[in-house]
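The values are calculated or read from the model by the stated rules, or taken from the named source; none is laboratory data. Given the structure is predicted, the values throughout are model-derived calculations rather than measurements. With ideal geometry, Cβ positions are generated from the backbone for all residues, glycine too; neighbour counts draw on all protein chains shown.
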């Protein structure tokens, strides 16, 4: 079940079996159950995965060029590392 009527989902590029939304949520692809999100000591939001949610959202929603795991950084346009809405993220190749 989607959290918001305008929330859309795409497969998580670096984690098969998961999907990420344009609202910064993560869910299991098969059950559609939301993954639990937590704030890490570094100030970024994580799901039950080894990559921060902003990285997963940027890879899924900003793939005009093919992004390679570990070869790009994510900038939060508003400076808030907990705001993982797709419109707030910019993927910058390293």
Going by the structure shown, is residue 91 part of a helix (DSSP H, G or I) and at pLDDT below 95? no
Please verify whether region 24-37 includes one or more residues that are assigned to a loop (DSSP other than H, G, I, E, B), touching a residue at least 40 places away in the same chain (Cβ under 8 Å) and closer than 16 Å to residue 84 by Cα. yes
If residue 15 passes every condition in (1) outside any loop (DSSP other than H, G, I, E, B); (2) in contact (Cβ under 8 Å) with a residue 40 or more places away in the chain but one, which one does it miss? (1)
Say we look at region 43-55 and pick out the residues that are touching a residue at least 12 places away in the same chain (Cβ under 8 Å) and part of a loop (DSSP other than H, G, I, E, B); which of these is surrounded by the most Cβ atoms within 10 Å (Cβ to Cβ)? 47
Within the set of pairs 6+ apart or on separate chains, which have a first residue in region 72-86 that is at positive phi and assigned to a loop (DSSP other than H, G, I, E, B), a second that is at pLDDT 95 or above and surrounded by 13 or more Cβ atoms within 10 Å (Cβ to Cβ), and C-beta atoms under 7 Å apart? none
Given the condition touching a helix residue (DSSP H, G or I) at 6+ places or on another chain (Cβ under 9 Å) and at positive phi, answer yes or no: does some residue in region 31-46 qualify? no
Given the condition within 19 Å of residue 4 (Cα to Cα), touching a helix residue (DSSP H, G or I) at 6+ places or on another chain (Cβ under 7 Å), modelled with pLDDT under 95 and not in a strand (DSSP E or B), answer yes or no: does some residue in region 59-67 qualify? yes
